[in-house]
Amino acid sequence: MVSGARVTPGREIKRQRRGRAHSCWDHLIIAPLWPKYGVNLGTLLRTCDAVGACLAVPKFPWVPEALDKGNTLRRPACVHWTGRDPVEWLTRQQLGSRIVGVELADEAIRLAELSAARERTIVVLGHEHSGIPDDAMELVDVAVEIPMIGTGASLNVAVAGSLVLYRLAGFL
């Protein structure tokens, strides 16, 4: 048991953090290409800020508003717009990028086995219910699964994406 632990005051935390949003480093990109819930996009946007990543999303009519609403940091965030065809965008990203799919697959590695990103890495997240479509899975270099012992089949996109981002950023 830890006794006498000191809580870091908010003003001290603010001094240790960046004073402004990071610019696009184009190194670690999370791509929920088939978004279902706007609230999850806002959560992922905060995680991107925390780890220095970018968010790539299709420009569906409701997505810009969801991102604006979810950006509680009130600062610009790095967002890459993929267009309406996520698989076409992903195909263009193959050259020069490692593509990681978060999906239950026969060849999937466990999250703990995933090493930190040493090259431009794109993390693909599927639809909340149907996952990553087969034509997009063909473009994935490595599939990663998040082990679970409960009765659910998966985590929501924001939680799963945040865990993988922290791992790839080298924070876990």
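The values are calculated or read from the model by the stated rules, or taken from the named source; none is laboratory data. None of these values were measured; they are calculated from a predicted model. Virtual Cβ from ideal backbone geometry, glycine too; neighbours counted across all protein chains shown. Each accessible area value is taken on the protein alone, full model and side chains, heavy atoms only, with ligands, DNA and RNA left out. Shrake-Rupley method; radii C 1.70, N 1.55, O 1.52, S 1.80 Å.
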Search result, residues across the stretch 96-142 that are part of a loop (DSSP other than H, G, I, E, B) and on the phi > 0 side of the Ramachandran plot: Gly96
Cβ pairs under 7 Å, 6+ apart, first in the stretch 146-169 and more than 15 Å from Gly131 (Cβ to Cβ), second open to solvent by 70 Å² or more (accessible area, probe 1.4 Å): Pro147/Arg110; Tyr166/Leu172
Pick from the stretch 61-83, criterion out of contact with any Phe, Trp or Tyr (no Cβ under 7 Å at 6 or more places or on another chain) and farther than 19 Å from Val157 by Cα, ranking: modelled with the lowest pLDDT: Arg74
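Here is a yes/no grid of residues against (1) of a type in the set (A, V, I, L, M); (2) open to solvent by 50 Å² or more (accessible area, probe 1.4 Å); (3) farther than 24 Å from Thr82 by Cα; (4) at pLDDT 90 or above:
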position: Ala108; (1), (2), (3), (4): yes, no, yes, yes
position: Leu111; (1), (2), (3), (4): yes, no, yes, yes
position: Glu119; (1), (2), (3), (4): no, yes, no, yes
position: Val123; (1), (2), (3), (4): yes, no, no, yes
position: Ala136; (1), (2), (3), (4): yes, no, no, yes
position: Asp141; (1), (2), (3), (4): no, yes, no, yes
The stretch 56-72 residues that are part of a loop (DSSP other than H, G, I, E, B), paired with ones that are of a type in the set (Asp, Glu) (beta carbon under 9 Å, 6 or more apart): Pro58/Asp85; Asn71/Asp49
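Would you say Glu88 is in a helix (DSSP H, G or I) and modelled with pLDDT of 95 or more? First the steps, then the outcome.
Values: in a helix (DSSP H, G or I): yes; modelled with pLDDT of 95 or more: yes.
Yes, satisfied.
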Counted residues, the stretch 92-105 - those being closer than 14 Å to Ile132 by Cα and open to solvent by 40 Å² or more (accessible area, probe 1.4 Å): 2
